[in-house]
Amino acid sequence: MIDLVIIPLFKIAVVLNGVLVSVTFMVLLERKVIAWAQSRLGPMRVGPWGVLQAIVDPIKLILKEDITPTKADKWMFTLAPILSLVPALVVFSVVPFGGDALFYITDINVGLLFIISVTSIGVYGIILAGWASNSKYPLLASLRAAAQLISYEIAVTMTLVSVILTAGTLSMVGIVEAQQETGFWFGFVQPVAFVLVFIGGLAETNRIPFDLPEAEQELTGGFHTEYSGMRFALFFLAEYANMIVIAAVVTALFWGGWLRPFPSVDALFPSVGALSFLNLAFLDLIPSWVWFFGKMFVFLYLFIWIRATLPRYRYDQLMRIGWKVLIPIALANIVVTAVVKVWLL
Amino acid sequence: MPDAYIPVMLFVLVAIGFAIFTLIISGLVQSSRYNKVKLEPYECGIEPDTDARGRYSVRYYLIAMLFVIFDVETVFMFPWAVIMDELALFGLIEMLVFLFILVLGYVYAWRKGALDWV
């Protein structure tokens with residue numbers, strides 16, 4: 001009972017809090033970084049350098065009036081944000097934040113498949129939001145979003161097959177441990193897969209350059225045009241939680257998860273004892289979860305950096321990249337990985 | 001192993017609970033003032049005279065169908081990828097045959113223009 005319910009509940013509370021707090025500060029960081037990229041100051045009024053903006057924003061959203069348009073489907077309209085937030089949060093139950101069993105909520109043997117399937121439930125929330133709003137912009141945006149999400153999901157899922165081939169397991173913990181055993185982070189073994197998953201991740205989270213579903217100039221606010229107050233906040237949370245998920249998955253699959261850099265110089269050069277200082281054993285002093293969050297932060301920063309740098313694609317370009325570029329590369333990557341793997345056996 | 005899924009179920013309950021809880025809290029503290037125009041569907045200030053749920057491009061259906069085909073085929077590769085160590089050459093050849101058929105369908109869809117958006 002204690003092992004099965006109480007301890008997981010405690011961990012869930014910690015993870016949920018962590019996600020919510022990091023989302024609010026992500027928003028602040030994003031505003032600040034984009035402001036600096038454009039030679040502005042960004043939020044400066046609330047607290048020192050605008051730090052407290054992260055706290056007052058959610059309070060404002062809670063206090064704001066939550067409008068249900070007269071033409072909207074009342075229950076569906078409320079269900080949509082919940083349906084989009086819940087999967088985005090639940091995915092964190094299999095993300096390994098650290099090497100010890102203390103640092104992940106659970107380790108199921110189909111972890112990666114779980115992540116793929118649960119994140120794709122989020123598309124129901126989006127399409128339901130567009131449909132329930134009964135307004136033109138949200139409907140168009142949700143159709144776009146659905147088409148975009150499912151197109152890029154194929155590419156990402158296919159790419160992940162080659163990662164599973166390399167790791168030989170679907171468990172998230174198992175994949176990181178496989179990187180420890182091989183001595184190489186899979187980002188070096190599967191650089192193509194990393195790039196594909198990262199591009200797919202940008203598209204799956206509707207980020208620039210793939211933010212067509214909420215292209216302000218054409219669709220006002222995207223699928224959540226009609227939303228306000230807390231229901232809008234739930235969509236917002238889901239979007240940023242999804243970004244954190246992508247960063248965590250990329251970290252765990254390709255950049256060694258909680259592992260420190262240079263894990264096995266000894267194993268690479270067994271005969272050269274003199275090189276063992278390259279092992280950098282002192283890095284072991286830094287706890288595993290710090291490595292994980294550090295790497296995750298790098299990717300979250302990359303998301304923001306890309307947003308500050310790139311323009312948006314056209315919709316036909318977006319579809320062409322998804323179907324005609326990413327999928328062939330992903331298929332070729334699977335074949336090459338499988339052939340190399342059999343050759344090495 | 002089923003025990004490993006109990007935390008997942010708990011997380012689902014907690015997440016749903018969190019979403020509903022925040023909606024209720026926010027419903028209790030927010031102010032609400034009726035205004036007919038405010039509650040209209042947003043159309044840049046113009047009163048909408050048609051229903052939003054009209055006809056939309058057939059391409060979305062096409063994308064959805066292609067998705068079903070390709071995604072299911074991808075899921076078939078997952079178990080194969082996990083036990084590739086045991087299958088070795090046999091598994092490789094089997095999967096190459098499977099992928100060949102998949103690519104045939106893909107090339108067909110490409111040639112027919114199903115993957116072009118415009």
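Quick notes on this one:
- Taking 0.36 nm per residue of sequence separation and removing the Cα-Cα distance, the B:Ile16/B:Ser31 pair yields an extension gain of 3.0 nm.
- Take each residue in B:20-29, count the other chain C-beta atoms within 10 Å of its C-beta, and the mean is 5.
- Per-peptide average of other Cβ atoms within 10 Å, ordering A:310-318, A:188-196 highest first: A:188-196, A:310-318
- Sorting the segments B:26-39, A:94-107, B:89-102, A:131-144 by their mean number of nearby beta carbons within 10 angstrom, highest to lowest, gives A:131-144, A:94-107, B:89-102, B:26-39.
- Fraction of the pair-distance distribution of the stretch A:48-176 above 24 Å, Cα-Cα pairs, percent: 50
- Calculated diffusion of the stretch B:2-111, Stokes-Einstein form, Kirkwood radius summed over Cα pairs, 25 °C and 0.890 mPa s, µm²/s: 119
- Dipole of the protein assembly as shown computed with +1 at Lys/Arg Cβ and -1 at Asp/Glu Cβ about the Cα centre; of B:Ala114, A:Ala338, A:Ile246, farthest Cα towards the positive end is B:Ala114.
- Think of each Lys and Arg Cβ as +1 and each Asp and Glu Cβ as -1; about the Cα centre, that makes the dipole of chain A roughly 820 debye.
- Computed across the stretch A:292-345, the Kirkwood radius stands at 14.2 Å (inverse of mean 1/r, all Cα pairs).
- Cut-off 16 Å, label 7 Å out along Cα→Cβ of A:Leu9, residues of the stretch B:1-21 by amide N: B:6-18
- Value of D in µm² per second that Stokes-Einstein yields for the stretch A:2-344, Kirkwood Rh from Cα pairs, at 20 °C (1.002 mPa s): 100
- For the residues of A:158-165, the average number of beta carbons from a partner chain within 10 Å of their own beta carbon is 5.
- Residue mean of other protein chain beta carbons inside 10 Å, B:54-63: 3
We did not get these values from a lab; they are worked out from the coordinates using the rules stated. Everything numeric here is computed off the predicted structure, so don't read it as measured data. Neighbour counts run over all protein chains shown; Cβ positions are idealised from the backbone, glycine included.
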